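This report refers to the structure that appears directly beneath it.
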Amino acid sequence: MKHLIVRWLCIMALLAANITLAPAQEEKSSIPDFEEIAAQYEDNAAVDSLVADDIAQAEAIEAAEAAEEGESEGVYKSLKRKFIEGNAGFMSLVALALILGLAFCIERIIYLTLSEINSRRLLADIDEKVAAGDVEGAKDLCRETRGPVASICYQGLMRIGESIENIERSIQSYGQVQVANLEKGCSWITLFIAIAPSLGFLGTVIGMVMAFDQIQQAGDINPTIVADGMKVALITTIFGIIVALILQLFYNFILTKIEMLTAQMEDASVTLMDIIVKHKAPQQ
């Protein structure tokens, strides 16, 4: 850009010099020199061409710089602008629903991930200890192992001296408690999934009311007035639906992990009952 500015200044100086020297030349000779006039016009045309080229080059450089800035900050600025245009009050509520919903989703994902264990390895170790008559060692192993599968096995081993019906009833009851613990907080996630689009639809209704109020104040149906209210309505609806979709994806992932852990618990309870029945006679 600097060399273009210097070039323009030089061209303007030449033009000024031509204009200044023109009266002096006229004083020297009252008869016009048509060749000099033609040459002067050619010089002016060449200068205009150079100026036009410089302007086009400068515009191309500015356009390239603007394109680079748009690529680097386009997404952030676009989201920020749409957030402000969509009425900051309702957009803040939608953002709050997203933050709280993601907090519950992350908490459930961490809890369910930590609850996953190698259930087959645990049951094999329990079988070895029970077969060796070390029931207390099997209980200690269950206490030291995290997750609902180990908790169910511990409850079954606690009643190993009772009847098979009591052991099975105890395992089923405690299994239901563990399933409830796995599903804890999921109701809040579903609540935020329902709230986010509802807030978007509420913003739609309020945007329509704003549009009709502005039409009433103006006394005329102006497309610009209607477009302002409709923009607020549509932006809030779009963001509300996007938040609901994001939370729904996390919720389905959580449900998948809960189903997997529930299946492990059922399989572990059946295997534990087989172990207890197999070794109950020697323990008695």
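Here is how the numbers come out for the structure above:
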quantity: Test: residue in the stretch 129-149 that is of a type in the set (Ser, Thr, Tyr), surrounded by fewer than 18 Cβ atoms within 10 Å (Cβ to Cβ) and over 20 Å from residue 259 (Cα atoms); calculated: no
quantity: Qualifying positions in the stretch 132-154 - β-branched (Val, Ile, Thr) and either farther than 16 Å from residue 174 by Cβ or modelled with pLDDT under 85 (or both); calculated: 135
quantity: Residue among 238, 254 that is modelled with pLDDT of 85 or more, under 30 Å from residue 190 (Cβ atoms), under 33 Å from the mean Cα position of the chain (by Cα) and hydrophobic (A, V, I, L, M, F, W, C); calculated: 254
quantity: Test: residue in the stretch 173-195 that is assigned to a helix (DSSP H, G or I), open to solvent by less than 20 Å² (accessible area, probe 1.4 Å), in contact (Cβ under 8 Å) with a residue 60 or more places away in the chain and farther than 29 Å from residue 93 by Cα; calculated: yes
quantity: Some residue of the stretch 113-121 being touching a residue at least 40 places away in the same chain (Cβ under 8 Å), surrounded by fewer than 19 Cβ atoms within 10 Å (Cβ to Cβ) and among the polar types (S, T, N, Q); calculated: yes
quantity: Condition broken by residue 167, with the remaining ones in (1) out of contact with any Gly (no Cβ under 6 Å at 6 or more places or on another chain); (2) under 26 Å from residue 259 (Cα atoms) satisfied; calculated: (1)
quantity: Test: residue in the stretch 160-172 that is surrounded by 15 or more Cβ atoms within 10 Å (Cβ to Cβ), charged (D, E, K, R) and assigned to a helix (DSSP H, G or I); calculated: yes
quantity: Pair list, Cβ < 7 Å and 6+ apart or interchain, from the stretch 232-256 residues that are touching a residue at least 40 places away in the same chain (Cβ under 8 Å) to residues that are of a type in the set (A, V, I, L, M) and exposed (fewer than 15 other Cβ atoms within 10 Å of the Cβ); calculated: 254/109
quantity: Residue 146 outside any helix (DSSP H, G or I) and not hydroxyl-bearing (Ser, Thr, Tyr); calculated: yes
quantity: Residues of the stretch 196-208 satisfying the condition of being open to solvent by less than 60 Å² (accessible area, probe 1.4 Å) and more than 24 Å from residue 248 (Cα to Cα); calculated: 206, 207
quantity: Extreme residue, surrounded by the fewest Cβ atoms within 10 Å (Cβ to Cβ), among residues of the stretch 250-280 that are of a type in the set (Ser, Thr, Tyr) and over 22 Å from residue 110 (Cα atoms); calculated: 271
quantity: Verdict on residue 162 being of a type in the set (D, E, K, R) and either more than 25 Å from residue 109 (Cβ to Cβ) or touching a strand residue (DSSP E or B) at 6+ places or on another chain (Cβ under 6 Å) (or both); calculated: yes
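The values are calculated or read from the model by the stated rules, or taken from the named source; none is laboratory data. Fair warning: this is a prediction, and the values are worked out from it, not measured in the lab. Glycine gets a Cβ as well: all are built from the backbone with ideal geometry, and neighbour counts include every protein chain shown. Heads up: the accessible areas ignore ligands, DNA and RNA and are worked out on the full protein's heavy atoms, side chains in. Shrake-Rupley method; radii C 1.70, N 1.55, O 1.52, S 1.80 Å.
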